[in-house]
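The structure follows.
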Amino acid sequence: LNDLAAASRSISTLEEMIDKDIEAGCVKKYGSHTRNLLKVKQGLEMIKVLCEELLATEGDDSLKDAAIKAYNQVLFPHHQYNIQKACATGLNSLPSKSLVLLLLGEAVGHPTSPVYPEDFLRSVRAVALLRIYRWSDITRLPNLAVKC
């Protein structure tokens with residue numbers, strides 16, 4: 001994000017930033033603005049899908065299942081085998097939703113209680129309902145969405 005924030009001081013639009021990376025031949029190179037922007041986009045998509053899954057499984061206390069589904073849908077296709085395996089290991093060791101909420105100070109009652117304050121649910125719904133505009137401009141480049 002620091003790279004993109006710095007770039008925004010001298011580049012006025014996403015289109016201009018992408019065009020400059022194309023001209024420089026560095027769209028797919030590690031650290032390029034376009035590649036960094038793609039990583040941010042993928043991260044936001046992952047959070048959105050995770051929030052959708054949390055809402056869809058509101059009565060379930062498993063964070064792991066929602067996170068695995070979100071990862072498989074959004075990031076898995078872009079990761080190489082070794083990264084996929086590392087993520088699978090990490091995702092399989094996630095704690096319950098109620099424990100995470102308790103650690104964040106959001107849970108009510110016992111740590112195994114699947115009770116979620118309305119503020120948390122309101123926030124999750126807001127993220128899950130986001131509409132992302134103009135991201136097609138970011139991925140319009142041929143072969144940009146490749147394994148990184």
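The values are calculated or read from the model by the stated rules, or taken from the named source; none is laboratory data. Keep in mind that this is a model prediction, so the values were computed, not measured. Note: ideal-geometry Cβ built from the backbone for every residue, glycine included; neighbour counts use all protein chains shown. In case anyone asks, the SASA skips ligands and DNA or RNA and just uses the protein heavy atoms, side chains included. Shrake-Rupley method; radii C 1.70, N 1.55, O 1.52, S 1.80 Å.
When you scan region 1-29, how many residues do you find that are touching a residue at least 60 places away in the same chain (Cβ under 8 Å), surrounded by fewer than 18 Cβ atoms within 10 Å (Cβ to Cβ) and either in contact with a Ser or Thr (Cβ under 6 Å, 6 or more places away or on another chain) or closer than 18 Å to His78 by Cβ (or both)?
Qualifying residue count for the region: 1.
I'm checking my understanding of the structure. Among residues of region 100-128 that are closer than 16 Å to Thr57 by Cα, in contact with an Asp or Glu (Cβ under 9 Å, 6 or more places away or on another chain) and not hydroxyl-bearing (Ser, Thr, Tyr), which one is modelled with the highest pLDDT?
So the residue we want is Val100.
Only one of Lys69, Lys39, Lys48 is under 19 Å from Ser93 (Cα atoms) and either charged (D, E, K, R) or open to solvent by 60 Å² or more (accessible area, probe 1.4 Å) (or both). Can you tell me which?
Values: Lys39 fails: under 19 Å from Ser93 (Cα atoms); Lys48 fails: under 19 Å from Ser93 (Cα atoms).
None of the other options fit; the residue is Lys69.
Could you please tell me which pairs satisfy a Cβ distance under 9 Å, a separation of 6+ or placement on different chains, a first residue in region 36-48 that is closer than 17 Å to Ala5 by Cα and without any contact (Cβ under 8 Å) to a residue 60 or more places away in the chain, and a second residue that is acidic (Asp, Glu) and open to solvent by 30 Å² or more (accessible area, probe 1.4 Å)?
Asn36/Asp3
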